[in-house]
Amino acid sequence: MIEVKGINKSFGDNHVLHDIDCVFEPGSPNLVIGASGSGKTTLCKCIVGLFSPDSGTISYDGRIFNQMGRNEKKEIRKEIGFLFQGSALFDYLTVEENIKFPLQMFSDMTPLEMQKRAEFCLERVGLDGANKLMPSELSGGMKKRVGIARAISYRPKYLFCDEPNSGLDPQTAILIDKLIKDITVDFNITTIVITHDMNSVLEIGERLAFIHKGKLLWTGSNDEVLSADCFELTDFIYASTTMKQLRKQHQQ
Amino acid sequence: MKTLFHIGRYALFIKRVFERPERGKVYWRLFIDEAYKLGVNSLGIIIIISGFMGMVITIQTASQIEGGWIPPYTVGYTTRQSIILEFSPTMLALILAGKIGSNIASELGTMRVTEQIDALEIMGINSAGYLVFPKIIAFMFIMPFLVMLSMFVGIYFGYVICELSNIITPAQYIYGVQDDFRPFDIVYALTKSVVFAFIITTISAYHGYYASGSALEVGKASTRAVVFSSIVVLIFNYLITQMLLT
């Protein structure tokens, strides 16, 4: 479980996050939703320690992360898997080497065990046989899947996905959403997905947190989201024609 | 103020680079890769430049001493001294600041803008140490060999041009090359080469590591890396010369 309490973050005069309080539970994906520029990614980067919050606390299963020294943080970071928006695969390594990378740096596995783990992760994301490909040879969807495979290779307790569906076709986006959900449920990990994709919200959004202009305005589930009593959220949800039609159906 | 900010951040960056590595075995493999990439891949340019410079220095020196007052073997002596004291350690460092400096800055800059460095940080890896430490050590290790190769090639091609033309006889050239040789000159040159290797790798890595924004910024970081490492190489060239030769 990840608990965020009273997080504030500013860049110069720009106050990006205002007193965010939120709890992210394990076992099903926690989606942080909001429009572009609302502060979702900043919140995510504060939680993983890429940005230091100006005030507030972030705790991983009771361990207060943002008050730890660098070496203590390292131990928690080994428990974190992160899927970047652009995948951030290491260009100079093959798919297999990318997945083995955290294992080589931290585990005491033998080369054979690492090989088996890499093959398991690749199979899990449906890319068995792609071991020797370079990242430049992969499509956007494949890169995301390799990113997920790398993120789960060292058996993380916490998984972060920053805009996992950006730039993907709807079919691949559904595949990635399903994959994130399955991994979260199967391994019982705490997953935080940053997204503004309404399909993801409806598909896998059992726990939602809506951020607007740096403020957490609403939390709930995908069952409640269509009838939420929050003007900014309804404005965000019903921005697209498809969603407007869905609203009509819902009201009928 | 901006200069002080960069000096301070550079010092903190160097401190992070030299922190205890996560896993020595991985770093050893990276060291070998970097030594190959930075050293072996530079052999071609070093041989070509050193060869031509050796020939040009020999011809220019010979053309200056026509008239009989100065003995012909001075050509060999001057070529050797020019190459050992200045061309091979300093000029080569400036050339490699362009080749290797831009390579390091653009590699790290690209990793920064594509979030690969953030990925390393999130995994709990000291990204500065992992990415930069092997480059520094590899280049400091390989640079003296490159400089010695450059010295040999430069002096040898001076000999070749004496064989091919009649500026002076090869025997006079060889006599000049051997005349009044001081082994300390080699120590001085190699000391400079190690210091220059450190300067080129760390300044270039600093500019690449802190690149931000887009691909355009990576290009700018690469240019800054070459400009600043060249200037600092020249400043340290003066300081080391002042310390060791006076």
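Details
- Rg [Å, one decimal], Dmax [Å, integer] - chain A, C-alpha atoms: 18.5, 60
- Convex hull volume of the C-alpha atoms in the range B:177-241, normalised per residue: 84 Å³.
- Each label point was placed 7 Å from the Cα along the Cα-to-Cβ direction; for A:ASP229 and A:ASP91 their separation is 5.3 nm.
- Per residue of peptide B:153-160, the mean number of Cβ atoms on other chains within 10 Å of the residue Cβ is 0.
- Note on the range A:1-124: along the principal axes its Cα atoms extend 50, 30, 30 Å, ordered by decreasing extent.
- Exceeding the 21 Å Cα-Cα cut-off - candidates A:LYS116/B:LYS135; A:LYS157/A:LYS181; A:LYS78/A:LYS132: A:LYS116/B:LYS135; A:LYS78/A:LYS132
- Ranking of B:ARG23, A:ARG77 by neighbouring Cβ atoms within 10 Å, starting from the fewest: B:ARG23, A:ARG77.
- Our summary of shape: the Cα atoms of the protein assembly as shown have principal axis extents of 109, 51, 42 Å, ordered from largest down, in whole angstrom.
- Pairs of Cα atoms farther than 21 Å apart, the range B:1-79, %: 64 percent
- For B:TYR27, B:TYR188, A:TYR158, B:TYR156, the sequence from fewest to most other C-beta atoms within 10 Å is B:TYR156, B:TYR27, B:TYR188, A:TYR158.
- Applying 1/(1 + (r/R0)^6) with R0 = 45 Å to the Cβ-Cβ distance of B:VAL160 and B:ARG20 gives a FRET efficiency near 0.35.
- For a paramagnetic label modelled on A:MET1 (point 7 Å from Cα along Cα→Cβ), amide N atoms under 20 Å away belong, within the range A:180-208, to A:184-193, A:206-208.
- Using a Förster distance of 35 Å, the FRET efficiency for B:LEU245-B:ILE48 (Cβ separation, nearest 0.05): 0.75
- Cα centroid of the range B:1-63 to Cα centroid of the range B:210-234, whole Å: 15 Å
- Among A:ASP13, A:ASP54, A:ASP91, residue whose mean-square fluctuation peaks in a GNM of chain A (springs only between Cα atoms under 10 Å): A:ASP13
- Tail weight of P(r) past 22 Å, computed on alpha-carbon pairs of chain B, percent: 58 percent
- Residue order, fewest to most beta carbons within 10 Å, for B:LEU239, A:LEU127: B:LEU239, A:LEU127
- Candidates B:LEU216, B:LEU149, B:LEU85: whichever shows maximal mean-square fluctuation once chain B is modelled as a Gaussian network with Cα springs under 10 Å: B:LEU216
- Shielding of peptide A:80-88 by partners, expressed as the average count of other chain Cβ atoms within 10 Å per residue Cβ, is 4.
- P(r) tail, the range A:140-252: Cα-Cα pairs separated by more than 17 Å, 58% of all pairs.
- Taking a point 7 Å from the Cα of B:VAL227 along the Cα-to-Cβ direction, the residues of the range B:93-131 with backbone N closer than 15 Å to it are B:98, B:102.
- Angle between chain B longest axis and helix B:102-113 axis [Cα atoms, degrees, rounded to 10]: 10 degrees
- Fluctuation leader among A:ASN165, A:ASN71, A:ASN30 - chain A, Gaussian network, Cα springs under 10 angstrom: A:ASN71
- Selection among B:THR223, B:THR246, B:PHE133 by position relative to the dipole of chain B gives B:PHE133 as farthest towards the positive end (Cβ unit charges, Cα centre).
Read-outs throughout are calculated quantities, based only on the coordinates presented, and are distinct from any laboratory measurement. For clarity, every value in this text was computed on a predicted model and none was experimentally measured. For neighbour counting, all protein chains shown are included, and Cβ atoms are generated from backbone atoms with ideal geometry for every residue, glycine included.
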